[in-house]
Amino acid sequence: MAATADFKKSVENALAKPKLSEALHLFGDAYLIARENAFRGLDFDQLRTELAAIKDDVRERRKELLAQFIANAEAAGSKVFVAKDTREANDYVVNLAKQKNAGLIAKSKSMVSEEAHLNKALAAAGVRAAETDLGEWIVQLAGQRPSHLVMPAIHMFKEEVAELFSKEIGEPLEADIRTLVNAARKQLRKDYFAADIGLTGANFLVAETGGIGLVTNEGNARLCATLPKVHVVFAGIHKLVRNIEDAVKITRLLPRNATGQLLTSYVTWIRGAVPTPGNDKEQHIVLIDGGREALYESPVCRDALRCIQCGACANVCPVYQTVGGHVFGSIYISAIGIILTAFYEGLDKAKEITRACIGCRSCTAVCPANIDLEEIILHLRQQVTNEYGMGLVKNITFKAVMRNRALFHNMVKAASKLQKPVTQQKEGQPATRVIRHLPMHFMDKDLTQWRDLPAVAPRSFRDLFADIDQKIDQPRYRVGFFVGCGADFVYPEVGVSLVKVLNHLGVEVVFPNAQNCCGIPALYAGDTETGVELAKQNVKAFYEADVDYVLCVCPTCTMGVKRDFVERLVDDPIWSQRAVSLSEKTMDAAAFLENVLKASDLLTATSAARVTYHDSCHLKRGNDVWQEPRTLLQASGYQLEEMKNSDRCCGFGGTYSFLSHPQISRQIAGDKVESIMATGVKTVAMDCPGCMIMVGGSMGKADSTVRCAHTMELLAEAITGRQ
Amino acid sequence: MVGKDQVKRFTESAERVGATVAHYGTLEDAADFIARTAVGKTLVPQTALTDKFQLWSLLEAAGVEVHAGSFRDAGQLPGAGVTFCNFAMADTGTVVLDSTSEDIRLATTIPEVHFVLLDPTKILPDNLAAVDPMNRLYEGSEPRFVAYITGPSRTADIERVLTIGCHGPRQLHILLVPDVSDDLLEI
């Protein structure tokens with residue numbers, strides 16, 4: 001379903017102010033370099049597997065660990081209150097403030113206090129909350145909410161900050177960052193000394209000691225915990241860890257993954273009401289459920305509570321970089337924000353941002369807690385669809401047309417004839433068929449304004465395959481070809497190339513005609529029913545074909561066959577068994593060529609053309625294939641020249657770029673075009689028909705002399721010469 | 001015995017995050033450096049090691065303006081703080097201070113400059129090696145406040161530009177002095 005008018009408006013507003021997006025892009029690039037340096041010499045995958053195991057054990061033993069934490073904290077003199085929701089938590093702090101006759105609370109950063117709208121609750125009771133984290137203070141003065149988990153004011157520029165600070169402090173300040181930081185240092189120092197209560201969050205609640213851990217850079221949390229007589233800890237129950245060692249292991253990942261630091265300036269471990277001379281120090285720990293217990297109980301979503309709140313899923317997210325955290329998020333932003341919003345604020349609040357995820361899996365790849373964020377978001381999108389529907393176009397397409405293979409394929413054929421008046425041959429590229437302009441307003445007003453659309457091929461792959469004469473005497477393997485809609489109807493030459501390459505290497509190709517769409521477009525739209533039906537059709541077709549391997553030229557189809565078919569058919573023992581067996585022998589064509597056939601030893605370096613390679617999201621992060629196509633291309637003689645951020649999403653995302661958020665897609669595609677053009681190379685290789693539609697279409701408008709080709713086409717051309 | 005490599009690694013890590021690290025033969029030499037660098041009131045919290053080495057007298061003799069009386073009366077932005085530390089970690093350049101005494105907390109949080117005296121034998125390889133002494137500090141059920149300090153206070157909250165000295169000390173000087181203490185629980 002297309003976004004609602006309000007959300008669309010907020011996207012348009014964000015896109016109208018490119019300054020923020022530019023800043024987030026610069027930050028994203030710098031982040032990747034800093035992070036890589038910070039992890040040098042460490043095994044990120046091993047560290048995150050270990051962290052996930054710690055967090056999973058904590059989830060299972062959370063009741064026991066919570067009791068242990070409370071007992072130990074109380075033994076050290078803390079008062080502990082467990083709040084079932086944020087309202088109870090706020091009430092506790094408001095009552096405490098009244099009891100202490102407190103007029104001012106100095107706060108260090110606490111995201112759960114944002115979630116609780118604690119400042120508002122305090123203000124209503126006549127208590128001023130002074131945010132002391134620089135970013136939080138800026139956001140507070142601006143009357144906004146954080147747009148990033150770690151850097152709350154990342155959306156603001158120094159001129160805006162200077163204006164806010166000048167007004168607050170009452171003297172004109174220059175828009176110079178050092179001056180502004182100094183002014184904040186002086187101004188906020190007064191608040192620490194004057195505050196009656198200091199409030200901090202907690203990065204860890206250590207069960208074995210009853211203490212908390214705080215990971216900070218500025219030093220404000222230490223001041224909040226030290227100077228006022230009362231220290232309130234405001235934290236979600238999911239911050240529990242078993243012991244100091246667990247917490248230390250988190251500190252090995254958190255700063256490295258958040259900001260590329262080996263460690264933050266301060267890690268502070270506080271247990272109990274630490275003595276203050278001449279005063280009775282009090283420590284109150286408010287532990288908040290607020291939807292976390294429900295999240296723990298959700299088998300599909302619970303991994304989200306492994307989150308250590310590093311914010312990396314935003315740093316690498318192309319959608320976040322395009323529209324910022326105020327659009328792509330609520331209290332919590334970006335990928336993790338989608339999930340937490342659904343559980344803490346309700347599915348209704350999360351429905352737009354759930355659909356705004358493009359599904360590129362860059363968040364999943366960078367997550368230090370090994371959370372498959374994209375998969376959880378997909379699941380939530382199904383819930384959103386169940387609850388709110390998916391819109392008319394998708395409804396008819398998926399439910400009425402795609403489930404019926406004959407009807408679907410006949411309609412595609414009809415479309416290939418109907419489109420004739422609008423297709424246009426591109427100069428110098430006889431084989432390419434593109435639609436440059438649509439004659440009418442069709443689905444969305446700007447479908448071809450910024451990119452060419454590929455036309456449906458006159459003959460589909462399934463028609464062409466019948467005419468291919470495979471002459472192989474003793475085939476090394478018989479492989480099934482799962483063509484996928486893109487290669488079947490739009491780019492049949494990719495399939496033809498694959499057959500050529502495989503035959504050349506002594507492999508026979510089988511094409512079961514009963515195969516249909518992999519169902520991922522339906523599934524991504526949240527239509528599980530159609531997904532199940534399509535999974536069955538395909539599993540049946542390939543089960544009957546009885547082949548050694550099944551190959552795809554579209555990595556999204558590969559993920560569909562390998563992961564989703566198995567999940568969709570898990571409840572039926574017979575279907576499930578067949579799906580697992582199909583999953584085990586399915587892989588991307590490039591992976592098969594290199595890992596099974598060792599094709600790089602067999603291919604001849606006949607081409608000398610320069611190419612650059614675009615990593616498709618689902619190939620690299622869904623199937624862990626990225627080296628193979630490069631190796632194959634180089635073995636065929638191609639000179640590989642890497643582009644910047646080669647594994648950044650091209651903006652396609654299936655129906656995302658047509659129906660859900662074409663404007664966001666457009667921006668993301670623009671970044672890709674820029675990276676490609678910067679290489680000066682005239683051929684871009686990739687392994688995904690979806691990317692070919694997007695990159696090909698966008699390049700077509702930007703520089704039509706750059707060719708987008710599937711790796712299989714380039715390999716076939718090296719074998720037989722380009723036709 | 002801590003190898004030279006470990007001291008070198010600690011030094012590099014600490015310097016990378018903006019701390020200074022230098023070797024001094026004696027506490028007197030270190031006091032001399034502090035006297036030349038510190039400006040204004042200097043908070044020197046009383047601990048087992050300051051008593052043992054009469055640090056106050058050493059600093060005063062070198063010309064440091066040691067603040068007498070309650071640290072809360074030293075103003076909101078005193079000049080300097082001088083402390084020992086429990087131990088350090090080479091991989092991140094971190095010093096660790098049991099700061100349960102409020103005076104240690106104040107001397108390391110509010111001044112402009114923080115001087116830390118560290119016996120190189122107390123440098124551990126990394127934070128996992130520090131888990132054991134941390135567990136020992138947290139034995140029993142007494143209130144406790146332990147601070148890991150890695151470089152000066154910093155922020156990148158305005159336009160992601162790294163800026164030193166947000167709410168904590170703007171400078172962190174680590175002074176390596178031998179033969180002070182090899183007890184990781186002692187400060």
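The values are calculated or read from the model by the stated rules, or taken from the named source; none is laboratory data. Small disclaimer: the values here were computed from a predicted structure and weren't measured. Glycine gets a Cβ as well: all are built from the backbone with ideal geometry, and neighbour counts include every protein chain shown. With ligands, DNA and RNA removed, areas are computed over all heavy atoms of the protein, side chains included. Shrake-Rupley method; radii C 1.70, N 1.55, O 1.52, S 1.80 Å.
Scanning region B:84-94 for residues that are in a strand (DSSP E or B) and either among the acidic types (Asp, Glu) or away from every other protein chain (no Cβ under 11 Å) (or both) yields B:84, B:87, B:88. I need the full set of residues from region A:90-122 which are open to solvent by less than 60 Å² (accessible area, probe 1.4 Å), closer than 18 Å to residue A:145 by Cβ and part of a helix (DSSP H, G or I), in order please. Within region A:90-122, A:90, A:111, A:112, A:113, A:114, A:115, A:116, A:118, A:119, A:121, A:122 qualify.
Please work out if residue B:22 is crowded, with 19+ Cβ neighbours inside 10 Å, hydrophobic (A, V, I, L, M, F, W, C) and farther than 17 Å from residue B:110 by Cα. It is false that residue B:22 is crowded, with 19+ Cβ neighbours inside 10 Å, hydrophobic (A, V, I, L, M, F, W, C) and farther than 17 Å from residue B:110 by Cα.
For first residues located in region A:562-579 and touching a residue at least 40 places away in the same chain (Cβ under 8 Å), partners that are open to solvent by 70 Å² or more (accessible area, probe 1.4 Å) and lie 6+ apart or on another chain with Cβ distances below 6 Å do not occur. For region A:585-632, enumerate the residues that are of a type in the set (D, E, K, R), in a loop (DSSP other than H, G, I, E, B) and open to solvent by 40 Å² or more (accessible area, probe 1.4 Å). Result: A:585, A:598, A:624. Only one entry of B:160, B:154 meets the criterion of being farther than 18 Å from residue B:187 by Cβ, more than 19 Å from the chain's Cα centre (by Cα) and either open to solvent by 10 Å² or more (accessible area, probe 1.4 Å) or of a type in the set (Val, Ile, Thr) (or both), and that entry is B:160. Looking across B:149, B:187, B:123, one residue alone is under 11 Å from the mean Cα position of the chain (by Cα), open to solvent by less than 10 Å² (accessible area, probe 1.4 Å) and at pLDDT 95 or above. It is B:149.
Quick check on region B:171-184: of everything there that is touching a Lys or Arg at 6+ places or on another chain (Cβ under 9 Å) and open to solvent by 20 Å² or more (accessible area, probe 1.4 Å), which residue is nearest to the other protein chains (Cβ to nearest Cβ)? Only one residue fits best here, namely B:184. Among strands (runs of 3 or more DSSP E) entirely within region A:200-295, having at least 3 residues that are at the interface with another protein chain (Cβ under 8 Å from one of its Cβ atoms) singles out A:266-271. Cβ-Cβ distances below 7 Å connect the following pairs, each with a first residue in region B:137-153 that is facing chain A (nearest Cβ under 7 Å), a second residue that is in a loop (DSSP other than H, G, I, E, B) and of a type in the set (Phe, Trp, Tyr), and a separation of six or more residues or different chains: B:144/B:138.
Only one entry of A:317, A:313, A:307 meets the criterion of being within 30 Å of residue B:99 (Cα to Cα), within 15 Å of the chain's Cα centre (by Cα) and of a type outside the set (Val, Ile, Thr), and that entry is A:307.
Taking the conditions (1) out of contact with any helix residue (DSSP H, G or I) (no Cβ under 8 Å at 6 or more places or on another chain); (2) within 11 Å of chain B (Cβ to nearest Cβ); (3) not small (Gly, Ala, Ser) in turn, residue A:156 satisfies each one other than (1). If you go through region A:571-580 one residue at a time, do you hit one that is over 26 Å from residue A:721 (Cα atoms) and either within 22 Å of the chain's Cα centre (by Cα) or assigned to a loop (DSSP other than H, G, I, E, B) (or both)? Yes, because at least one residue in region A:571-580 is over 26 Å from residue A:721 (Cα atoms) and either within 22 Å of the chain's Cα centre (by Cα) or assigned to a loop (DSSP other than H, G, I, E, B) (or both).
Of all the listed residues (A:52, A:67), the sole one being over 23 Å from residue A:282 (Cα atoms) and either in a helix (DSSP H, G or I) or at pLDDT 95 or above (or both) is A:52.
To keep it simple, each residue is scored yes or no on (1) in a helix (DSSP H, G or I); (2) under 13 Å from residue A:322 (Cα atoms).
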position: A:14; (1), (2): yes, yes
position: A:19; (1), (2): yes, yes
position: A:23; (1), (2): yes, yes
position: A:26; (1), (2): yes, yes
position: A:32; (1), (2): yes, no
position: A:40; (1), (2): no, no
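The helices (runs of 4 or more DSSP H) found wholly in region A:326-389 and carrying at least 3 residues that are in contact with a Phe, Trp or Tyr (Cβ under 7 Å, 6 or more places away or on another chain) occupy A:334-344, A:347-356. Could you list, in sequence order, all residues of region B:103-119 that are over 18 Å from residue B:16 (Cα atoms), open to solvent by 10 Å² or more (accessible area, probe 1.4 Å) and in contact with a Lys or Arg (Cβ under 9 Å, 6 or more places away or on another chain)? Within region B:103-119, B:112 is the sole residue that qualifies.
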